[in-house]
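Beneath this line is the structure, given in structure tokens, with notes to follow.
The values are calculated or read from the model by the stated rules, or taken from the named source; none is laboratory data. Just so it is clear, the structure is predicted and the values come from calculations on it, not from any experiment. No Cβ is skipped: glycine too gets one built from the backbone with ideal geometry, and neighbour counts run over all protein chains shown. These area figures cover heavy atoms from the full protein model, side chains too; ligands, DNA and RNA do not enter into them. Shrake-Rupley method; radii C 1.70, N 1.55, O 1.52, S 1.80 Å.
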Amino acid sequence: MTDKKPAMTGEIQATILAFIHQELVAPGVHVSAGDDLLTGEILDSLAVLRLATFVDESFNIGMQPTDFLIENFQSVAVLTEFVERSKNPSPS
């Protein structure tokens, strides 16, 4: 089962990065998983909302208003971790 996590992480990250490159940034702008999306001025507030909608619909995670935290959208790597936690919540 641990073999699937890296593949899932890579697929989630690749899907998010592809959306950002195709829909949210200007042609020729390269965004990597560790780039700061917010303070690096890569995405504006409207782009963050579009990204949140895409992530919610693509990964069927049922985002709640409390999920819209800067900490969850800081980078693609952080957003990928958020998606994984949302899809596989830890037992309480």
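Would you be able to say whether some residue in the stretch 4-25 is part of a loop (DSSP other than H, G, I, E, B) and touching a Lys or Arg at 6+ places or on another chain (Cβ under 8 Å)? Before the answer, list the steps.
Residues of the stretch 4-25 part of a loop (DSSP other than H, G, I, E, B): 25.
Pick out the ones that are also touching a Lys or Arg at 6+ places or on another chain (Cβ under 8 Å) and you get none.
Taking every residue of the stretch 4-25 in turn, none turns out to be part of a loop (DSSP other than H, G, I, E, B) and touching a Lys or Arg at 6+ places or on another chain (Cβ under 8 Å).
From T53, T80, which residue is out of contact with any helix residue (DSSP H, G or I) (no Cβ under 7 Å at 6 or more places or on another chain) and of a type in the set (S, T, Y)?
Numbers: T80 fails: out of contact with any helix residue (DSSP H, G or I) (no Cβ under 7 Å at 6 or more places or on another chain).
Among T53, T80, only T53 is out of contact with any helix residue (DSSP H, G or I) (no Cβ under 7 Å at 6 or more places or on another chain) and of a type in the set (S, T, Y).
Suppose we filter the stretch 26-54 for residues that are surrounded by 10 or more Cβ atoms within 10 Å (Cβ to Cβ), without any contact (Cβ under 8 Å) to a residue 12 or more places away in the chain and either in a helix (DSSP H, G or I) or under 12 Å from the mean Cα position of the chain (by Cα) (or both); how many remain?
Of the residues in the stretch 26-54, 2 are surrounded by 10 or more Cβ atoms within 10 Å (Cβ to Cβ), without any contact (Cβ under 8 Å) to a residue 12 or more places away in the chain and either in a helix (DSSP H, G or I) or under 12 Å from the mean Cα position of the chain (by Cα) (or both).
Mind checking which residues of the stretch 13-25 are over 11 Å from the mean Cα position of the chain (by Cα) and either surrounded by 16 or more Cβ atoms within 10 Å (Cβ to Cβ) or among the acidic types (D, E) (or both)? Even if it seems obvious, please write down each step before you answer.
Taking the stretch 13-25 first, the residues over 11 Å from the mean Cα position of the chain (by Cα) are 21-25.
Once the filter is applied, which keeps residues that are over 11 Å from the mean Cα position of the chain (by Cα) and either surrounded by 16 or more Cβ atoms within 10 Å (Cβ to Cβ) or among the acidic types (D, E) (or both), the stretch 13-25 yields E23, L24.
Does any residue in the stretch 60-81 that is more than 20 Å from G10 (Cα to Cα) come within less than 9 Å, Cβ to Cβ, of a residue that is assigned to a loop (DSSP other than H, G, I, E, B) and open to solvent by less than 40 Å² (accessible area, probe 1.4 Å) six or more places away or on a different chain, and which pairs are these?
That search, which allows pairs on different chains as well, returns D67/I61.
Six or more apart or on different chains, Cβ atoms under 7 Å: show the pairs whose first residue is in the stretch 8-19 and farther than 11 Å from V83 by Cα and whose second is open to solvent by 40 Å² or more (accessible area, probe 1.4 Å).
Sorted first by the residue in the stretch 8-19, then by its partner, the pairs are T15/S58; F19/F54.
For the stretch 55-80, give me each residue that is under 21 Å from H30 (Cα atoms), open to solvent by 40 Å² or more (accessible area, probe 1.4 Å) and not β-branched (V, I, T).
If the condition is that a residue be under 21 Å from H30 (Cα atoms), open to solvent by 40 Å² or more (accessible area, probe 1.4 Å) and not β-branched (V, I, T), then Q74 is the only one that fits.
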